[in-house]
Amino acid sequence: MPRIERTADIAWEGNLARGAGTVSAGSDAFSGLGYSLATRIGAPEGETSPEELLAAAHGGCLTMSLAGELSAVETPPGHIAATCRIVMDEVPGQGHQIVASHVELVVTADGVDEDGLRAALAKADEGCPFSALLRRAGADVQSSARLG
């Protein structure tokens, strides 16, 4: 696989408590996603957060990795739905840290059974760069998959 580089443009205006920012993809896939401290720690109110973007990145990476593993054993998926939950919490002596990422996947794939799906998921998780990054950072990374 070639070296991959992507960019995002981020802007922030004001102080932490009352300020707000926007995030835009360098690819123009999304533009002007709002975020603020109030919507990060409270109700999202239609805005995003760094944790939500990380959840999307980890879930997206793991679904692609699982699709590759299932395809490698000639049971390519028809559909994969994933939900990723990122948990940030106060860690004594370290401040707020990402402490967990839990990904739940529902897969439709002809010719694969639950055991085959578990084996493919284990390989996919091992090969997912975001799973590896989060584990190296000390986060509890868990993934589960079921046929749907």
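The values are calculated or read from the model by the stated rules, or taken from the named source; none is laboratory data. Here the structure is a predicted model, which is why all the values come from computation and not from measurement. Ideal geometry is used to build each Cβ from the backbone, glycine not excepted, and the neighbour counts take in all protein chains shown.
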Filter result (within 16 Å of residue 11 (Cβ to Cβ) and either in contact (Cβ under 8 Å) with a residue 60 or more places away in the chain or in a helix (DSSP H, G or I) (or both)) within the range 25-39: 37, 39
Which of the following residues is β-branched (Val, Ile, Thr) and outside the structural domain of residue 136 (by TED's automatic domain parsing): 91, 23? 23
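For residues that are part of a helix (DSSP H, G or I) and either exposed (fewer than 15 other Cβ atoms within 10 Å of the Cβ) or in contact (Cβ under 8 Å) with a residue 40 or more places away in the chain (or both), tally how many sit in the range 40-49. Break it down stepwise before answering.
Going through the range 40-49, the residues part of a helix (DSSP H, G or I) turn out to be 40-41.
Those left that are additionally either exposed (fewer than 15 other Cβ atoms within 10 Å of the Cβ) or in contact (Cβ under 8 Å) with a residue 40 or more places away in the chain (or both): 41.
Matching residues across the range 40-49 total 1.
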Only one residue in 107, 103 is among the hydrophobic types (A, V, I, L, M, F, W, C), in contact with a His (Cβ under 7 Å, 6 or more places away or on another chain), modelled with pLDDT of 95 or more and surrounded by 20 or more Cβ atoms within 10 Å (Cβ to Cβ). Which one? 103
Need pairs with beta-carbon distance below 6 Å; first residue within 16 Å of residue 146 (Cβ to Cβ) and within the range 91-113, second small (Gly, Ala, Ser) and surrounded by fewer than 17 Cβ atoms within 10 Å (Cβ to Cβ); sequence gap 6+ or separate chains. 104/144; 106/81; 106/148; 108/78; 108/148
Among the residues of the range 107-148, count how many are within 20 Å of residue 54 (Cα to Cα) and not small (Gly, Ala, Ser). 13
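Return yes when residue 70 is crowded, with 17+ Cβ neighbours inside 10 Å, assigned by TED's automatic domain parsing to the domain that holds residue 123 and not small (Gly, Ala, Ser) and no when it is not.
Numbers: crowded, with 17+ Cβ neighbours inside 10 Å: yes; assigned by TED's automatic domain parsing to the domain that holds residue 123: yes; not small (Gly, Ala, Ser): yes.
Judged against the criteria, residue 70 is a match.
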Can you tell me which residues in the range 80-100 are closer than 19 Å to residue 58 by Cβ and loosely packed, with under 12 Cβ neighbours inside 10 Å? 83, 89, 96
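Can you tell which of 114, 126, 74 is over 25 Å from residue 1 (Cα atoms) and either in contact with a Pro (Cβ under 9 Å, 6 or more places away or on another chain) or modelled with pLDDT of 95 or more (or both)? Show your work before the answer.
Working: 126 fails: over 25 Å from residue 1 (Cα atoms); 74 fails: over 25 Å from residue 1 (Cα atoms).
The unique qualifying residue is 114.
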Conditions first: (1) crowded, with 18+ Cβ neighbours inside 10 Å; (2) closer than 29 Å to residue 16 by Cα; (3) in contact (Cβ under 8 Å) with a residue 60 or more places away in the chain; (4) of a type outside the set (Val, Ile, Thr). Residue 139 passes all but one, so which condition is the exception? (3)
